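Right, one structure below, let's go through it.
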Amino acid sequence: MPFDDELVKTLDFVCLSHEHDELKKKILSFNKEFNIISFDKINELSKEIAELNEENMFLFRKDAKKSSLYLWDLIKQANNYPAEDFRYKHLDKIFKIAHALPTSSANVEQSFSMLKLIQSSIRNRLHEETIQALMMISEEFRNVKISISDEMIDLYDQYKEELNRKKNGKPKETILVTLNKKMRV
């Protein structure tokens, strides 16, 4: 886990299933750890927590079907305020950050495993941009069969020839002749 156990234990506040004092303690502890709401606005945050406890959470929890994200959306919809006038603006910010936190390091570990496959000891001189592009392609098309058309091969050949011309400053025919001579030797 990327976070310590005490912080992880406080994250269950997003379910809004605790008594007022426990909920307030967990939210304030989470806020203290990440400094989301400034110290001078803690009283406003405490007031929002108290108002939230006055809501009929039973109906919201029943409709949310154990999804804390959907639960928070239901609360926002029930209050029918424009976004800038939402009465739980500090809690909203805290809840969004709490839901965005990674709960494990599996994605990072998978990325390093993928990097190990792409940048092997044979391919150790790839540029960073190339590695990023290859990793993105690998991730995007993980479960998709990629078919390479003749048009794609032609475009690749044209691009390769253009790069060779720019690199060597020689016309296309000269490069091919040079390659043929090297092949004969």
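The numbers here are math on the coordinates, done by the rules we state, and not lab data. Remember, predicted model here, so these are calculated numbers, not experimental data. Virtual Cβ from ideal backbone geometry, glycine too; neighbours counted across all protein chains shown.
Values for this structure:
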read-out: Selection of chymotrypsin sites (Phe, Trp or Tyr not before Pro), segment 101-160, meeting DSSP coil and at most 10 other Cβ within 10 Å; value: 141
read-out: Inverse mean reciprocal Cα-Cα distance (Kirkwood Rh) of segment 105-146, Å; value: 10.9
read-out: Pair residue 168, residue 54: separation of 7 Å Cα→Cβ label points (nm); value: 8.1
read-out: Phi-based couplings in Hz for segment 40-50 (Karplus 6.51, -1.76, 1.60; Gly and Pro marked x); value: 6, 10, 4, 5, 4, 4, 4, 5, 4, 4, 5
read-out: Correct choice for semi-axes √(5λ) of the Cα gyration tensor in Å that was computed from the model, options [x] 77, 15, 14; [y] 58, 19, 16; [z] 63, 14, 9; value: [y]
read-out: R0 of 22 Å, Cβ-Cβ distance residue 144-residue 104: FRET efficiency to nearest 0.05; value: 0.30
read-out: Potential extension, residue 136-residue 42 segment - 0.36 nm per residue separation minus Cα distance; value: 29.7 nm
read-out: Reciprocal mean inverse distance between Cα atoms of segment 1-91 - Kirkwood radius, Å; value: 13.9
read-out: Signed unit charges on C-beta, dipole axis of the chain, positive-most listed residue 15, 45, 163; value: 163
read-out: Extension gain from residue 125 to residue 73, taking 0.36 nm per residue of separation minus the Cα-Cα distance; value: 13.9 nm
